[in-house]
Amino acid sequence: MAEAVPFGAESLAGGRARAARRVLDQVVLPGEELLLPEQEDVEGPGGAGERPLRLNAGARSRLRVVCGPGLRRCGDRLLVTKCGRLRHKDPGSGSSGGVYWVDSQQKRYVPVKGDHVIGIVTAKSGDIFKVDVGGSEPASLSYLAFEGATKRNRPNVQVGDLIYGQFVVANKDMEPEMVCIDSCGRANGMGVIGHDGLLFKVTLGLIRKLLAPDCEIIQEVGKLYPLEIVFGMNGRIWVKAKTIQQTLILANILEACEHMTADQRKQIFARLAES
């Protein structure tokens, strides 16, 4: 017997939005409107059900829902803007309703405020450096956005250098702006990356996987050779080992691990450890 579908939980093709809790870890399409479980109602029990997420519902909405990548606020609605799997992260504490986002396998990077990225200096324009970050337009980087930089003590940045920094301005109406200092004015690992090493590009999904706190790939790679590695949220990885051969081996492993199972990775690492 087919399972009964609640009113309002049909697909977009049928003219209605789908319930978010029913499509978690499932594919959603751009243009869909999501329905969230009924939040605590001031009218008391008995009104449970599902309704469209109203972002300006006032006292009726006790929980605050955070919209991540792939979702957009449009008035009082929550719309899907990317094709991918809908994900949800439960709140740690407080009255937050958690975070919803769309996990997609895209190659073109869209700048996001706060993201740490690896860029390539392409030009100097007065006091501003133009940095290629893989987006639709280059980002701007001021020479004062380095630790200890002043008008007399300018950083030694040349065209073609690799820059590791973070976005402080990133929206669809303004040019992206990067800095190489944190909120305390410290470099904290940001700045010009060494001229040695190898820069290569991977998918954005692999970057998020490698930067996860419980990622075993980085722990296994670190046991092979001493290395330096930098990850950019724009899909770029810079790696450096003692020799060129070791650097190329590490780069090939990181590129191939996206489509490997855990057993296949263990076999590869065991062979490299023996050799």
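Backbone geometry of the stretch 170-175 corresponds, through the Karplus equation with coefficients 6.51, -1.76 and 1.60 at θ = phi - 60°, to 3J(HN,Hα) couplings of 7, 8, 6, 9, 9, 5 Hz, x marking Gly and Pro. Ranking Thr261, Gln166, Ile249 by how far each Cα lies toward the positive end of the dipole of the stretch 154-275 (charges on Cβ) leaves Ile249 at the top. For the residue pairs Lys82/Lys124; Lys124/Lys209; Lys172/Lys209; Lys124/Lys223; Lys201/Lys266; Lys124/Lys201, the C-alpha atoms sit more than 32 angstrom apart in Lys82/Lys124; Lys124/Lys209; Lys124/Lys223. Look at the alpha carbon pairs under 8 Å that are at least 6 residues apart: their mean separation over the length of the stretch 74-223 gives a relative contact order of 19 percent. For the stretch 78-228, taking Cα atoms only, Rg and Dmax work out to 17.7, 51 Å respectively.
Around the amide H of Leu24, modelled in the peptide plane, lies no amide H under 5 Å away from a residue 5 or more places distant or on another chain. Close amide H partners of Ile193, meaning residues 5 or more places away or on another chain with modelled amide H under 5 Å apart, are Leu162, Ile163, Tyr164. Computed from label points 7 Å out along Cα-Cβ, the spacing between Asp196 and Arg64 is 4.8 nm.
Given R0 = 30 Å, the distance between the Cβ atoms of Met174 and His88 translates into a calculated FRET efficiency of 0.50.
Distance between the 7 Å Cα→Cβ label points at Thr203 and Glu216: 2.0 nm. Relative contact order for the stretch 218-274: 30 percent, from Cα pairs under 8 Å spaced at least 6 residues apart, divided by residue count. Backbone geometry of the stretch 218-234 corresponds, through the Karplus equation with coefficients 6.51, -1.76 and 1.60 at θ = phi - 60°, to 3J(HN,Hα) couplings of 5, 5, 6, 5, x, 7, 6, 9, x, 8, 10, 8, 10, 10, x, 5, 8 Hz, x marking Gly and Pro. Legend: Rg and Dmax of the stretch 160-229, from Cα coordinates, 15.0, 45 Å.
Protection proxy ranking, highest mean first, for peptides 253-265, 78-90: 78-90, 253-265, where packing is the per-residue count of other beta-carbon atoms within 10 Å, averaged.
Each of Glu258 and Ser104 was given a label point 7 Å from its Cα along the Cα-to-Cβ line. The distance between the two points is 1.6 nm.
Every number in this text was worked out from the coordinates using simple rules, so none of it is lab data. Note that the structure is predicted; figures quoted are calculated from it, not measured. Virtual Cβ from ideal backbone geometry, glycine too; neighbours counted across all protein chains shown.
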